[in-house]
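Shown next, in structure tokens, is the structure this report addresses.
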Amino acid sequence: MSYETILVEQRDAVTLITLNRPQALNALNTQVLADLTQAFRAYDADPSQRCAVLTGSEKAFAAGADIKEMVDKDAADFFLEDFFSGWQTGVVATRKPWIAAVAGFALGGGCELAMMADFIIAADTARFGQPEIKLGVAPGMGGSQRLARAVGKSVAMEMCLTGRMMDAAEAKQGGLVARVVPAADLLEDALKTAATIASMPPMAAMINKEMVNLAFETPLNQALTTERRLFQILTATEDKKEGMTAFVEKRPGVWKGR
Ligand code: HXC
């Protein structure tokens, strides 16, 4: 499968997706969304693939939604197209785990896309920001909500109101990213982490992902009940029997994926 705006390769059980619009600092236009939607769906549907990494270039993970595509649209266009809704159905809906490996600019929609990932690994060159206010608008792909949940109200509010960028060290300190690594090691580190996740029982990985996301979407009591039910579902899998038996027999588990 070849795409216009992204590169996709499989490295054993890990799918590597690279944003590839260098001339526009990987600005996210309609074609990027269509390509990512197709790539993430293909990843979800392929039982040989167990974790994915989304990355950009050294200079930019993505410098935002494509301003040149939006400049001539009016409010009715945005409303009638339900502009940006496809990110939820095409990218966030991915059921298997994926990591954003971010170097350089992750601004506006770029920051929002990184925050759609299950977690972010940042290069020390990464810079995050929601500068939409400078364009007379505001985040539209989840940025105000996910940033506030990640770093708290004060910092998120300050970033959205001033449009300032946050460097990798601040992003780590604020909990926006899981880890910061030297830029030269970013891809290797992210792929290695993805390989670790890919070595886990795949249904357990999907359910762990679903469970952690409950913390952001569901009241605590309901989330705790759902956590228990999801846990109970996992106990019915062949991989649960294999995982526990393998532990007792002091050997690595061999996963069936069900
Ligand atoms: C379209 C973009 C772009 C973007 C950069 N480019 N960002 N094109 N949409 N978001 C293009 C530039 O126009 C330029 O193309 C090329 O990429 C290189 O960018 P430069 O500006 O020349 O690079 P540099 O001087 O290094 O500055 C890098 C930068 C700057 C600081 C990241 O490009 C920048 O501020 N970009 C916009 C960031 C932003 O505002 N993002 C939020 C977008 S709105 P040409 O052809 O001119 O050489 C958003 C959500 C909107 O994401 C929701 C509202 C509905």
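Please label the shape of the range 35-95 as rounded, prolate or oblate, based on the square roots a ≥ b ≥ c of the eigenvalues of the alpha-carbon gyration tensor (a/c under 1.5 means rounded; beyond that, a/b larger than b/c means prolate, else oblate). Note, shape of the range 35-95 comes out oblate.
Test of understanding: what is the full-extension gain from A184 to K59, defined as 0.36 nm times their sequence separation minus their Cα-Cα distance? The partial results should precede the final answer.
Values: separation 125, 0.36 × 125 = 45.00 nm, distance 1.23 nm.
Roughly 43.8 nm would be gained on extension.
Between M141, M165, M70, the GNM of the chain built on Cα springs shorter than 10 angstrom shows M70 fluctuating the most. Summing charges over all other residues whose Cβ lies under 11 Å from the Cβ of V32, with Lys and Arg as +1 and Asp and Glu as -1, gives -3.
Rolling a 1.4 Å probe over the heavy atoms of the protein chains gives the chain an accessible area of 53 Å² per residue.
When the chain is described by a simple charge dipole with +1 on each Lys and Arg Cβ and -1 on each Asp and Glu Cβ, the residue from A39, A123, G174 located farthest towards its positive end is G174.
Seen from Q145, the other residues with C-beta closer than 13 Å to its C-beta sum to a net charge of +1, counting Lys and Arg as +1 and Asp and Glu as -1.
Judged by the gyration tensor of its Cα atoms, with axes a ≥ b ≥ c, the range 202-249 is prolate; a/c meets the 1.5 cut and a/b is the larger of a/b and b/c.
In the chain, carbon and sulfur make up what percent of the accessible area (probe 1.4 Å)?
Working: 7870 of 13740 Å².
Reported share for carbon and sulfur atoms: 57 percent.
Positive-end ranking of N213, L230, L147 along the dipole of the chain, with charges on Cβ about the Cα centre, is headed by L230.
Normalising by the residue count of the chain, find the relative contact order in percent from Cα pairs under 8 Å and 6+ residues apart. Provide the component values of the computation, followed by the final result.
On the way: 456 pairs, mean separation 41.5, N = 258.
Over the chain, the number comes to 16 percent.
Model label sites at S48 and M157, defined 7 Å from Cα along the beta-carbon direction, differ in position by 5.2 nm. Over the chain, dividing the summed -39,500 (n - 2.57) contributions of all DSSP H runs of at least 4 residues by the number of residues returns a 222 nm mean residue ellipticity of -13500 deg cm²/dmol.
Give me the extension gain from V137 to D72: residue separation times 0.36 nm, minus the current Cα-Cα distance, reported in nm with one decimal.
Working: separation 65, 0.36 × 65 = 23.40 nm, distance 1.40 nm.
Working it through step by step, the gained length comes to 22.0 nm.
Annotation: amide H-H contacts under 5 Å for A60 (H modelled 1.01 Å from N, sequence separation of 5 or more, or interchain): F105.
GNM on the chain, alpha-carbon springs under 10 angstrom: the most fluctuating residue among T193, T218, T226 is T218.
Give the shape of the range 6-199 as rounded, prolate or oblate, defined through the alpha-carbon gyration tensor: a ≥ b ≥ c are the square roots of its eigenvalues, a/c under 1.5 means rounded, and otherwise the shape is prolate if a/b is larger than b/c and oblate if not. Verdict is oblate for the range 6-199.
The values are calculated or read from the model by the stated rules, or taken from the named source; none is laboratory data. In this text the structure is predicted, and so the values were computed from the model without any measurement. Because the Cβ atoms are built from the backbone with ideal geometry, glycine has one as well, and the counts that use them run over all protein chains shown. Note: areas computed on protein heavy atoms with side chains; ligands, DNA, RNA excluded. Shrake-Rupley method; radii C 1.70, N 1.55, O 1.52, S 1.80 Å.
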